[in-house]
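Just below is one structure, and these are the notes that go with it.
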Amino acid sequence: MKFDVVVVGGGHAGCEAAAVAARLGASVALIAINAAAVGSMSCNPAIGGVGKGHLVREIDVFDGLIAAAADDAAIHYRMLNASKGAAVRGPRVQADRNLFRQSIQRRMKDFPTLKIVEGEVIELDFNGGKLSGVHLASGDVIAAKAVILATGTFLGGRLFRGKERFDGGRIGESGAHRLSQQLRSLSLPIRRLKTGTPPRLDGRTIDWSRAARQASDTEPWHMSADAPARRNTQLFCGITRTLPTTHEIIRAGFGDSPLFSGDIEGRGPRYCPSIEDKIRRFADRDSHQIFLEPETLNGCLIYPNGISTSLSADTQQAFIHSIPALEKAEIVVPGYAVEYDHIDPRILSRELGVRDVEGLFMAGQINGTTGYEEAAAQGLVAGLSAACRALDRPAPIFDRTSSYIGVLVDDLTLQGVTEPYRMLTSRAEHRLHLRADNAEARLRVTAVASGAISDAKAVAMERRALQRKRAAALAGNEDAGSEDIPRAIREEIETDRHYAPYVQRQRSEVARLRSDRTRLPVGFDFMSVGGLSSEMIERLSLARPDSVEQASRINGITPAALTALLVAARAVA
Amino acid sequence: MARAQNNSGRDPDTIFALSSGALPSAIAIVRISGPRARDALDHLAGAVPEVGCAALRTLRHDGEILDQAMLLWFAGPRTVTGEDVAEIHLHGSRAVVDACFAALQSLGLRMADPGEFTRRALFNGKMDLSAVEGLADLLAAETESQRRDAIRRQRGFIPQRLHEWRSRLTHVAAAIEAAIDYDGEEEVGGDPVYVIGGIRTLLREIERVLALAPAERLREGIRVAIIGPPNAGKSTLFNQLIGRDAAIVSDIAGTTRDVIECPIAIDGIPFLLVDTAGLRTTADPIEKIGVGKARDEAELADILVDLAADRDSERCVAVSAKADVTDARPGTLAVSVHKDTGIVQLQERLVEMAAAMIPLQGEVAFDRRYRQALAAVRNDLSVAVGTTDPLLVAEHIRLAIRELDRVLGGDGVEDMLDALFGRFCLGK
């Protein structure tokens, strides 16, 4: 078997990567350990949110899967920050995990050049030092011009629950240890991170009358610009909270905690993923909120958001029962923590390709991120890049001034990660311009030029672009016959006008920075720059900025180092 | 990155820095580079020496002697930076160097960023690229001496206060950013009362500091400009206040054509008294220059003694100067030099106004560089408290932090995230 692109992993990054490569016309094999599980939501049932919703909308402009599948599966809509500025409004849905997976799989079947292969990749295949494909556990070799690793937490994955330990990436699924060893042997910088998940509850054993209710938004918005009207029954989410007795039970269970015993070496985030972390770090708080989020339309499986934990199964059972509404709740699967390998993303190019291994791309948690949306966004970038490479055409470059995808890629490849990277709007210095509602206006031209969108999508976007043009011409003129322009577009243009002075100022700053840009050639040897300290050489060699302007944004780079860099760059130019 | 890199068409700023070692020292060398270097020398020394020849000159600024200094002048582009370059070899006392810096700043020059001279040299092709080895050492040396210099200045002046403001601003930012990025999670601290209250308090403190005279003023004296129409008695009043006849007095309107300054002390407070030409439209080219200078003085002064105004304002005393000859305008302070009335009251008034500009015990005065940053911070915070869109509040706080980062260094986003996750229990 021979393909243009092989994608390893069928999560959000892998699916998005495979789909976009197929949309570009590349032949693609997506290899998953369990074909039936491709497109699964492995953790929480929400898609979107603040920053994350922005990413989803941007992926949708490139005709990606995640927005459309989220609409297909949505059982609860919520616009976060609805009362705050339009630029930070974050669309989020709760998705039925079965409907979501089915939608993804159905959409993937539509691509004639995309094949899903069930199997376990155990090694990358090299031919004469060049990456040529992958080895499967079955003994088969699949040849490919480009390989995208989207293995999530499966690389060197180790699960922790109380004193229990399992190898694997998710409960009940084995990990990819040989691949991890091979990556180490290629001397790629590999680090450990950790994440966690809460126990899943049986919704039928929850006393809903004791929980507050949060109903779905009635405003008829969607994740995808081209979504049909909402079809699914809308469910409510419940809200309850921990009590002082809950905290006592959890504190009593600290002794079994792998987090506090030092067994988990991977660095956790500054934010609090686990309830034991919250209770230890914020000892003065006597209660924490818990959102009871339905994972399925039938309401049988509930994700209690806010109590991710790796305490022992007994402690989990005890503290769950101390929480109002959950007194009789049955745990379907206990929570656990997972520690896994990720590569230092500073070895990646802006196309998410490993610079030292031609043809190898990485996307998702393997790059140190957390979240479906962050994974899907990287899948889109890696898929586009890998397919463009195989088809010998230029890949689009995402810029932090015009997209959250650009912020994500720039942050990862330039600064690396010290904790699982989550998108926040505060990371985007141009956030007044980077809105969820203007993603199409920002990225349409790039998306069309990339060749990644269907004709139908292109036509729909063209139509909306004309509507935007008309709305802008009519703006400020109340009764000027704009009634046939959709309300969402009129509001978008209104918001444009609202933030225009700020955006204008930022634009002129960007233009000034660009005019100063001195490019550093690909493969530039930072060691060769006279007089740079070893610390500067290390920082620069890891981040490998492609311009002096970019180098200036790397944490800790001194003016002296920049100047030396500039001289060297001019010398080679 | 440094401004000097923006060498596309527009004239670069003229920059200066101490290019010798730490003070005090025997000699302090101030290097100036840029298109206005020649004007600056000319202004301070009254003449520019021959290219490449040292000359001993007395430096003056605003009528005051700064120092006896040796000057060197090199015309661009055949100089170390490729621009016009001047060197001033001063006596190496801190006060002399500070006064010289203040003078250069008031002429529109600015302190060089770390490594900026070298960068300009690079951009103007003045560095031998083949000899790039060792360059970074050189750069590091320059940067390091300037950094040390900056730290020394900071330690004396302000940084603690600025750092404290920055830290509080970061916390306010964290509260509002938490509310934005973690909408729907409880108790994220985005309570608008807390946020706006925090900004208001900061704003008041910053305004208080900006209301103080700049640090340079404490060395030079609080600037008091006497302004008014021609023949209103400005020079007579000036002479009376300084206690001697420094300004020529006549009945001919338009006698004073230049700006005359004289330092005086009243109740132990240093003032710099400034006599100006009468404000009127005139065809006389020399008087015209004097009128222009008078208007500049009125802008620059901390206190105006206005002989035409009808009432006092925040930084202005309205005076009727010839109270013995014409009736005083109602609501103004009646002064007659000849009858010796009103002078004491005027002096008391000046002392009272100056007292508000002088730092209290424990307060520090900020010099221009910091005042500029603080003024920008104040502007952003004023807009922030006046807007209801939380996103724009956040935006202006971000801009204000960036302004402080520009003078303090630091990484705004990472520090804010640290504050955010350190303070709020976030993440589900």
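Can you figure out the FRET efficiency of residue A:508 with residue A:473, using R₀ = 30 Å and their beta-carbon distance, to the nearest 0.05? It comes to 0.80.
Return the percentage of antiparallel bridges among DSSP beta bridges fully within the protein assembly as shown, rounded to the nearest 5 %. The antiparallel fraction comes to roughly 70 percent.
Of the trypsin sites (Lys or Arg not before Pro) in the range A:73-165, the ones in a loop by DSSP (not H, G, I, E or B) with at most 12 other beta carbons within 10 Å are A:163. Within the accessible area of chain A, the carbon and sulfur atoms contribute 50%, probe 1.4 Å, all protein chains present. Working note: Cα gyration tensor of the range A:454-515, eigenvalues times five, square-rooted, sorted largest first, giving semi-axes of 26, 19, 8 Å.
Distance between the modelled labels on residue A:254 and residue A:358, one decimal in nanometres: 5.5 nm (7 Å Cα→Cβ projection).
The alpha-carbon atoms of the protein assembly as shown, seen along their principal axes, cover 107, 69, 66 angstrom, with the largest extent given first. Under 18 Å of direct C-alpha separation, and excluding same-chain neighbours fewer than eight residues apart, residue A:115 reaches these aspartates and glutamates: A:4, A:16, A:140. Each label point was placed 7 Å from the Cα along the Cα-to-Cβ direction; for residue B:194 and residue A:165 their separation is 4.1 nm.
Cβ-Cβ distance of residue A:245 and residue A:215, R₀ of 22 Å, FRET efficiency by 1/(1 + (r/R0)^6): the value works out to about 0.15.
The alpha-carbon of residue B:234 sits under 17 angstrom from the alpha-carbons of these lysines, leaving out residues fewer than 8 places away in its chain: B:293, B:322, B:339. Chain A packed on chain B takes about 4700 Å² of accessible surface away from a 1.4 Å probe, both sides summed.
Quick check: the distance between the Cα centres of the range A:332-408 and the range A:119-156, to the nearest angstrom? Value for the Cα centre distance between the two parts: 17 Å. Ranking A:79, A:99, A:179 by Cα position along the charge dipole of chain A, where only Lys, Arg, Asp and Glu carry charges on their C-beta atoms, puts A:79 farthest toward the positive end. Interface residues of the range B:386-404, defined as those losing at least 20 Å² of solvent-accessible heavy-atom surface relative to the isolated chain (probe radius 1.4 Å), are listed as B:389, B:390, B:391, B:392, B:395, B:396, B:398, B:399, B:402. Partners of residue A:163 within straight-line reach, counting lysines whose Cα lies under 24 Å from its Cα and excluding those fewer than 8 residues away in the same chain: A:194, A:278, B:428. Dipole orientation for the range A:300-424: of the candidates A:342, A:331, A:367, A:367 has the Cα lying most toward the positive pole (charges on Cβ; Lys, Arg +1; Asp, Glu -1).
Within the shell defined by Cβ-Cβ distances under 9 Å, the residues around residue A:524 carry a net charge of -1, with Lys and Arg each +1 and Asp and Glu each -1. What number comes out for the charge environment of residue A:391, summing +1 per Lys or Arg and -1 per Asp or Glu over other residues with Cβ under 15 Å away? Spelling it out: positives minus negatives among the neighbours equals +2. Accessible area per residue for chain A is 37 Å², calculated with a 1.4 Å probe on protein heavy atoms, without ligands, DNA or RNA. Ordering A:166, A:124, A:144 by Cα displacement along the dipole of the range A:96-167 toward the positive end leaves A:166 in first place; charges were set at the Cβ atoms of Lys, Arg (+1) and Asp, Glu (-1).
With a Förster radius of 51 Å applied to the beta-carbon distance between residue A:36 and residue A:284, the computed FRET efficiency rounds to 0.65. To the nearest Å, what is the center-to-center distance of the range A:1-62 and the range B:257-329, using C-alpha atoms only? For the range A:1-62 versus the range B:257-329, the Cα centre distance is 75 Å.
Helix-only arithmetic for chain A: the sum of -39500 (n - 2.57) across DSSP H runs with n ≥ 4, divided by the residue total, places the mean residue ellipticity at 222 nm at -11000 deg cm²/dmol. Here each label is just a point 7 Å from Cα along the line to Cβ, and for residue A:327 and residue B:343 those points are 9.2 nm apart. Summing Cβ point charges (Lys, Arg +1; Asp, Glu -1) relative to the Cα centre of the range B:217-357 gives a dipole of roughly 140 debye.
Dipole size of the protein assembly as shown about its Cα centre, with +1 on Lys/Arg Cβ and -1 on Asp/Glu Cβ: approximately 1260 debye, rounded to the nearest 20. Reported to the nearest whole Å, the Cα centre-to-centre distance from the range A:232-289 to the range B:55-95 is 66.
Among the listed pairs A:2/A:130; A:52/A:457; A:109/A:130; A:84/A:469; A:2/A:52, those with a Cα-Cα distance over 24 Å are A:109/A:130; A:84/A:469; A:2/A:52.
The values are calculated or read from the model by the stated rules, or taken from the named source; none is laboratory data. Because the structure is a prediction, the values reported are computed rather than measured. Positions of Cβ are backbone-derived with ideal geometry, glycine not excepted, and every protein chain shown enters the neighbour counts. In case anyone asks, the SASA skips ligands and DNA or RNA and just uses the protein heavy atoms, side chains included. Shrake-Rupley method; radii C 1.70, N 1.55, O 1.52, S 1.80 Å.
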